[in-house]
Amino acid sequence: MLDAAPVLDDLAAAAARIQSMWESGRCCSLVGRGLRARVLRVSRLVQAGRMAADEARRIADEAENVATSFGPLPTLPLED
């Protein structure tokens with residue numbers, strides 16, 4: 001079995017970038033949280049030997065691209 005560490009590092013970095021996007025207001029937090037969870041699930045599949053590195057990287061790339069497609073929603077005004 002091939003060393004999964006490089007792909008796991010790539011997936012962790014992708015998840016961190018998605019989190020950074022929603023925390024900085026560059027994408028919708030609802031979408032960002034779901035897509036980060038998707039990347040983390042892919043990482044677990046790689047660790048379990050149930051997904052190939054190339055497919056995992058492709059899915060992570062897709063998740064990042066989709067995250068950038070959804071801007072944040074406006075916040076509701078505070079009620080008195």
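Of the numbered conditions (1) part of a helix (DSSP H, G or I); (2) modelled with pLDDT of 95 or more, Met51 fails exactly one; give the number of that condition.
(1)
Condition first: among the aliphatic types (A, V, I, L, M) and in contact with a Leu (Cβ under 9 Å, 6 or more places away or on another chain). Now tell me which residues in the range 22-35 satisfy that.
From the range 22-35, those among the aliphatic types (A, V, I, L, M) are 30-31, 35; that's our starting set.
Within the range 22-35, just Leu30 meets the criteria.
Filter the range 24-66 for residues that are in contact with a Lys or Arg (Cβ under 8 Å, 6 or more places away or on another chain) and of a type outside the set (D, E, K, R); which is surrounded by the fewest Cβ atoms within 10 Å (Cβ to Cβ)? Spell out how you get there, then give the answer.
Let us first name the residues in the range 24-66 that are in contact with a Lys or Arg (Cβ under 8 Å, 6 or more places away or on another chain), namely 59, 63-64.
Narrowing the set further to residues that are of a type outside the set (D, E, K, R) leaves 59, 63.
Working: Ile59: 19, Ala63: 23.
For the range 24-66, the residue satisfying everything is Ile59.
The values are calculated or read from the model by the stated rules, or taken from the named source; none is laboratory data. If you're wondering where the values come from, they're calculated on a predicted model, not measured in any experiment. With ideal geometry, Cβ positions are generated from the backbone for all residues, glycine too; neighbour counts draw on all protein chains shown.
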